[in-house]
1. Based on this model, can you work out whether residue 19 counts as assigned to a loop (DSSP other than H, G, I, E, B), at pLDDT 90 or above and touching a Leu at 6+ places or on another chain (Cβ under 7 Å)?
2. Against the definition (buried (at least 22 other Cβ atoms within 10 Å of the Cβ) and outside the structural domain of residue 87 (by TED's automatic domain parsing)), how does residue 281 come out, yes or no?
3. Test each condition in (1) within 18 Å of residue 391 (Cα to Cα); (2) assigned to a helix (DSSP H, G or I) for residue 197 and report the one that comes out false.
4. Can you tell me how many residues in the stretch 426-438 are more than 20 Å from the chain's Cα centre (by Cα) and surrounded by 15 or more Cβ atoms within 10 Å (Cβ to Cβ)?
5. Determine, yes or no, whether residue 457 is outside the structural domain of residue 231 (by TED's automatic domain parsing), in a helix (DSSP H, G or I) and more than 21 Å from residue 282 (Cα to Cα).
6. Within the stretch 104-120, is there a residue that is touching a helix residue (DSSP H, G or I) at 6+ places or on another chain (Cβ under 6 Å), aliphatic (A, V, I, L, M), away from the ligand (no atom under 16 Å from the Cβ) and at pLDDT below 85?
Amino acid sequence: MAPTEGDEQPPLRMLFFPFLLPGHLIPMADMAALFAARGIRCTILTTPLQASTIRSIVDRANTSLGSHEKRRTGAIGPPFPDIGLPPSAESGIGLISKDYNDRFLRTAELPQEPFRRFLSSHHAEIDAVVSDGLFHWSVDDAAEHGILRITNPFEACPDDPATIVSLPGLPHRVVELRGQMMDPVKRPHEWAWFQLIHATDRWSYGELFNSFHELEPAYAEHYRATLHRRACLVGPVALASGSGKDVTSRGAVAGALSPESIGCLRWLDEKPASSVLYVSFGTMKIFSPEQMRELARGLDLSGKNFVWVIANGSASTDLCMPVGFPMAHRGYIVRGWAPQVLILNRPAVGGYMTHCGWNSTLEAVSAGVPMVTWPWYADQFHNEKLVVEVLEVGFGVGAEDYAIWMETHRLIGSEVIAESIRKVMKEEGDGDTIRKKAEELRDKARAAVEKGGSSYDDVGQLMEELIARRCCRRTAGE
Ligand code: UDP
């Protein structure tokens with residue numbers, strides 16, 4: 001049972017330690033808010049800049065509590081490490097070159113000292129550390145102080161790019177092209193790093209997933225029964241955010257949104273239901289000018305309305321929209337950070353062209369929006385398989401190249417892009433089937449986080465384990 005007011009025991013305390021990129025930081029802050037709502041005192045260890053992007057989530061976690069419990073959740077931490085990045089790149093949004101990206105990834109090895117200092121001073125009060133899978137070294141530090149480390153995993157996978165590879169031992173038959181997977185020869189350091197991360201995940205007490213049982217029951221079972229690992233599926237964590245002002249500024253540096261972002265919500269409210277495609281490729285995607293032009297033409301040819309989020313650093317759309325395109329009527333561009341969760345939940349949005357980042361995928365699932373999938377790297381090709389083949393709530397543009405940068409990507413042509421959009425947003429036939437399935441999933445996602453739902457219960461189960469463990473620690477005199 002969770003500690004309640006009047007219990008002699010102080011509340012459970014968890015330390016959350018996210019990697020500094022938004023796609024890692026935001027879901028972990030949402031996760032902390034979710035645990036805080038169940039009475040756990042949560043601390044998020046991160047830099048002041050990163051803390052400014054999750055300020056609204058932390059504030060909500062505190063204001064949702066009774067006045068006697070105020071400020072149970074806090075974000076604290078050291079300044080951003082000096083790794084030669086300009087201040088504009090420290091938020092990790094739109095890292096515009098491979099060099100910036102590589103430097104940013106190096107920060108995964110740097111925050112050891114602040115983390116160690118924090119654990120040395122506070123280990124007696126902390127019941128569990130939830131640290132990002134990329135901080136593989138944190139498992140040893142936590143163990144040194146007798147604290148459970150729960151990881152928030154980061155996924156990756158194993159010479160001819162056209163070779164079809166069948167992924168072994170999974171509940172469904174999943175095949176991918178070799179070119180859609182990371183190449184250990186081309187990326188030996190990254191490959192070795194991911195091996196290390198996966199190894200340390202196994203030494204952790206368990207893994208916290210931004211997912212829910214009903215989304216992938218066979219895989220949740222596979223994780224437990226076949227891989228013998230403790231998996232807590234506590235998501236979709238973005239649903240814990242509700243729909244208030246804090247969701248609007250969620251993830252924006254210092255909580256500041258551009259006027260375009262606000263205007264976009266008003267623009268959407270004037271459009272018919274399910275008539276708009278939301279186009280966004282997460283926080284890390286920079287398109288080449290050629291691909292931008294093909295995408296712009298594809299949007300034109302599709303005949304659908306769209307909201308297109310352009311990461312800072314991408315080529316300008318002004319140069320690539322076809323001459324005479326009725327922009328004000330059919331398209332809306334947001335440059336920079338968009339209030340994604342709010343956009344996806346607008347009734348006008350009927351499709352989402354996505355890179356299949358896991359958080360974005362879950363946000364689309366939670367909003368019941370079918371997807372046009374365009375994966376690039378990391379776990380995104382696997383996520384596409386889940387969306388298109390297992391859940392059948394999307395259709396792919398046919399991306400085949402695993403690469404974070406555009407250099408090795410083959411161009412996806414405008415006709416193909418337009419056809420994929422039409423398939424997903426068609427009102428009748430396949431489009432209708434996909435939409436109905438997406439709506440069914442949305443209802444399951446919402447039920448999972450409600451009291452008595454599977455994710456709600458997984459949080460409760462973990463809390464019970466932490467309380468039992470606290471008793472054992474006391475008995476052992478730790
Ligand atoms: N996001 C957002 N506005 C943007 C871009 C991204 O709110 O303009 C959020 C999005 O809702 C998601 C996260 O940033 O929660 C991106 O995470 P994901 O795993 O989907 O992709 P990544 O950027 O890490 O590849």
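The values are calculated or read from the model by the stated rules, or taken from the named source; none is laboratory data. Please read all numbers here as calculations on a predicted model, not as lab measurements. A quick note on method: Cβ atoms are made from the backbone with ideal geometry, for glycine too, and the neighbour counts reach across all protein chains shown.
1. It is true that residue 19 is assigned to a loop (DSSP other than H, G, I, E, B), at pLDDT 90 or above and touching a Leu at 6+ places or on another chain (Cβ under 7 Å).
2. Yes: the conditions hold for residue 281.
3. Unmet for residue 197, out of (1) within 18 Å of residue 391 (Cα to Cα); (2) assigned to a helix (DSSP H, G or I): (1).
4. Summing the residues that are more than 20 Å from the chain's Cα centre (by Cα) and surrounded by 15 or more Cβ atoms within 10 Å (Cβ to Cβ) in the stretch 426-438 gives 5.
5. Considered against the rule, which asks whether it is outside the structural domain of residue 231 (by TED's automatic domain parsing), in a helix (DSSP H, G or I) and more than 21 Å from residue 282 (Cα to Cα), residue 457 comes out as no.
6. No, that holds for no residue.
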